[in-house]
Amino acid sequence: MSLNFAQFTPGLSFSGGILIGLAAIMLVLFCGRIAGISGILGGLLQRKKNDRSWRVAFLAGIIIAPVLYDLLHPLPEITVTASWPAIIIAGLLVGMGTHIGSGCTSGHGVCGISRLSLRSLVATLIFMVVGFVTTTVLNYWFL
């Protein structure tokens, strides 16, 4: 494994992490809600009408923020080499994993651990171990 120092941006990455943390803190303080994306999106798809405005605002911010950032700094070009069937299957698997794991990686990693949730700590460790093992196996077999 090698690190591409031309694309290594610890300052921007740290700033992004701080902004994610601040958004999670603000959502808890002002709305009393947890910033797990799967829960926010799932709640938006339910029929409760009085619970929609903050969800729409949060998701709109996630969509609008990169657009605003792109006005100041061009975003890197994204190249997707996977086929549409592979992307669809991957998306369905992520959705199943989110359902089975009672939340997504952002919800467990950012919000759950900060609330000292043992379930979120275990889930995050499992996500990380599986990711490390998968990456190691794929790199060993295909590189």
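The values are calculated or read from the model by the stated rules, or taken from the named source; none is laboratory data. In this text, all values refer to a predicted model and were calculated from it rather than measured experimentally. Note that we place each Cβ from the backbone using ideal geometry, even for glycine, and neighbour counts take in every protein chain shown. Ligands, DNA and RNA are excluded from the accessible area calculation, which covers all protein heavy atoms including side chains. Shrake-Rupley method; radii C 1.70, N 1.55, O 1.52, S 1.80 Å.
Any idea what the alpha-carbon Rg over 2.2 N^0.38 Å comes to for the range 36-82? Provide the component values of the computation, followed by the final result.
Numbers: Rg = 14.6 Å, N = 47, 2.2 N^0.38 = 9.5 Å.
Cα Rg divided by the expected 2.2 N^0.38 Å: 1.53.
With every protein chain left in place, what is the accessible area per residue of the chain in square angstrom, probe 1.4 Å? Display every interim value, and only then the final one.
On the way: 11520 Å² over 143 residues.
Result: 81 Å² per residue.
Using amide H atoms built in the peptide plane, which far-off residues or other-chain residues are under 5 Å from R33 H to H?
Counting only residues 5 or more places away or on other chains, the set is V28.
Once you put a point 7 Å from the Cα of I63 and another 7 Å from the Cα of F14, both along the Cβ direction, what distance in nm separates them?
Calculated label separation equals 3.4 nm.
Share of the range 7-143's accessible area from carbon and sulfur, percent, 1.4 Å? Display every interim value, and only then the final one.
Working: 7970 of 10760 Å².
The computed percentage sits at 74.
Determine how large the accessible area of S15 is when every protein chain is in place; take a 1.4 Å probe and give Å² rounded to the nearest 10.
60 Å²
Mean Kyte-Doolittle of at least -0.5 and a Cα length of 20 Å or more along the axis: which whole DSSP H helices of the chain meet both? Mind dumping the intermediate values first?
Numbers: long enough: 10-31 (31 Å, 2.07); 53-72 (28 Å, 1.61); 84-100 (24 Å, 1.63); 118-142 (35 Å, 1.54).
Helices passing the filter in the chain: 10-31, 53-72, 84-100, 118-142.
Rounded to whole Å and sorted largest first, list the principal axis extents of the Cα atoms in the range 1-106.
Principal axes ranked by extent give 46, 35, 25 Å for the Cα atoms.
Accessible surface of C111 in the full protein assembly, 1.4 angstrom probe, to the nearest 10 Å²?
So the heavy atoms of C111 present about 10 Å² to solvent.
Given the options I113, I78, I88, state which has the largest fluctuation in a GNM of the chain using a 10 Å cut-off (strictly under) for Cα springs.
I78
How large is the helix-only mean residue ellipticity at 222 nm for the chain, computed as the sum of -39500 (n - 2.57) over DSSP H runs with n ≥ 4, divided by its residue count, in deg cm²/dmol to the nearest 500?
Values: 5 runs with 92 residues, N = 143.
That calculation yields -22000 deg cm²/dmol at 222 nm.
Please list D51, D70 in order of solvent-accessible area, largest first, computed with a 1.4 Å probe with all protein chains present. Display every interim value, and only then the final one.
Working: D51 20, D70 70 Å².
Most to least solvent-accessible, the answer reads D70, D51.
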